[in-house]
Amino acid sequence: MAGEQVIVIGGGPAGMMAAGSAGRRGRAVTLVEKNERLGKKLLITGKGRCNVTNITDLDGLIANIPVNGKFLYSAFTQFSNQDLLALLQRLGLKTKVERGGRVFPASDRSMDVVRALEKYLNENRVRVIQGEVTKVLVDAGAVSGVKLKNGDILPAAKVIIATGGCSYPLTGSTGDGYRLAAEHGHTITPLQPALVPLEVREDWIHELQGLTLKNVAIKLFSHEGRRVYSAFGEMLFTHFGVSGPIILSASTHLRPATPYRLLIDLKPALTPEQLDARLQRDFQKYAKKIFANALDDLLPRKLIPIVVRLSAIPPEKQVSHITKEERGGLVTLLKGLALEITDLRPLSEAIVTAGGVSVKEIKPSTMESKLVQGLFFAGEVIDANAYTGGYNLQIAFSTGYVAGSSC
Ligand SMILES: Cc1cc2nc3c(=O)[nH]c(=O)nc-3n(C[C@H](O)[C@H](O)[C@H](O)COP(=O)(O)OP(=O)(O)OC[C@H]3O[C@@H](n4cnc5c(N)ncnc54)[C@H](O)[C@@H]3O)c2cc1C
């Protein structure tokens, strides 16, 4: 019904898209955001550049969403990455495509994405108020409004919960939506960090802090030796363990406080035989040096003392005296540098929250609750999460659009 009151809780990408698209349908929309400004988390996305989406096709989008990707099929069909880019362009945002199909604002400024979404709110006459929703009011199985922390009651026939997850809580995403939904019978699947760095047991990791390894291959194994994940790309060492794109993606497949074994192939482009031949060439070149000084052509400087220590070759040994067996051991080490993963970093440091409102209780074509009439969900509050590459924001935009358009 035109003029019907719609309340959107949360002014992140999902909430702004939901509010704008509901307003476009002629609804009287109020967007309630507890921060003094909209899109606080959006501003820090993509290291301040905001990777808004990915230009892959529909199958590619779903393949990059390891948790409940299929649930989003309808939402992506109704509002795809191309639809998003067309809308952003109409709102004045120029974009560019980078490595792996990642899309960024041409200006490299996430602020410009927030501005485009604010324009969308303005042109669709969305009323934005600062406030914190503490309750969704339900009467006889149907939504009747929301209650704010200051005691105000805002009546509404439709309410969209777009409160995000509970990672990076200083941005305002403190998990309120899970509680608001659970109060009305919704199941919240267990919350845990996703796209999060990993902690390792080895002490020597501190010495590698800040080192980035490009073009390495990783494999992660469970305690029982089952391969859990493998990938090729970039990773980095931190003061507590490992991070970087392929590690963050790997974290999506791991459980907190559970041991895993990480093997890093430092030379994935070479077979063991090719690597051995390469070592022989280097060792001929540096025949008169000691082993500790013979790996400069092969490895980044920071990694050399670690590899020397972990190998069975004495560091002072003259290179010309290194045996074939010792070289073989070095090849095995370089093809599988082993680390023991002890835990994921905490939820507060995760790029996204895994778990959330169970998709079994949400209609995929409208994002409406199957339990409460007039209650909708959008964005990270839903139990769906993706790898890095712009997919998480596309989830927020598509589900936001669908929820807003269905009000
Ligand atoms: C450091 C970092 C970098 C990232 N980079 C990328 C990237 O480049 N590309 C990508 O695709 N994804 C990225 N992500 C993930 C992406 O930011 C989130 O998935 C996305 O912001 C989720 O959108 P949302 O609207 O559902 O929730 P949020 O963006 O979390 O917004 C929720 C809003 O609701 C408000 N709110 C919460 N509770 C209440 C309440 N009770 N009352 C009123 N308001 C409330 C909050 O203040 C907040 O503004 C990144 C995340 C982080 C932390």
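Some observations on this one:
- Residue 263/residue 150 FRET efficiency (R0 51 Å; Cβ-Cβ; nearest 0.05): 0.40
- Packing rank of 369-379, 313-323, where each peptide gets the mean count of other beta carbons within 10 Å, highest leading: 369-379, 313-323
- Legend: distances between Cα atoms for 47/302; 34/149; 40/158; 47/219; 147/370; pairs beyond 18 Å are 47/302; 40/158; 47/219; 147/370.
- FRET efficiency for residue 63 and residue 373, using Cβ-Cβ distance with R0 set to 25 Å, rounded to 0.05: 0.15
- The listed peptides 249-258, 93-102, 46-55, ordered by packing as a protection proxy, come out as 46-55, 249-258, 93-102 (highest mean of other Cβ atoms within 10 Å first).
- Counting only alpha carbon atoms, the long axis of helix 13-24 and the longest principal axis of the chain meet at about 30°.
- Against the empirical 2.2 N^0.38 Å (N residues), region 1-134 has a Cα radius of gyration ratio of 1.08.
- Were the residues from residue 82 through residue 318 laid out at 0.36 nm apart, the gain over their Cα-Cα distance would be 78.9 nm.
- On the beta carbon distance between residue 255 and residue 227, with R0 = 25 Å, the FRET formula returns roughly 0.95.
- Between the helical axis of 391-405 and the longest alpha-carbon principal axis of the chain there is an angle of about 10 degrees.
- Using alpha-carbon coordinates, inclination of helix 110-123 to the longest axis of the chain, degrees: 10 degrees
- Based on alpha-carbon atoms, the Kirkwood radius and the radius of gyration of region 169-289 give Rg/Rh equal to 1.15.
- Distant alpha-carbon pairs in the chain (separation over 31 angstrom), percent: 45 percent
- Summary of packing: across the peptides 16-29, 152-165, the per-residue average of other C-beta atoms within 10 Å ranks them, highest first, as 16-29, 152-165.
Since every read-out is calculated from the coordinates, none of them should be taken as a lab result. If you're wondering where the values come from, they're calculated on a predicted model, not measured in any experiment. Cβ: placed from backbone, ideal geometry, glycine included. Neighbour counts: every protein chain shown.
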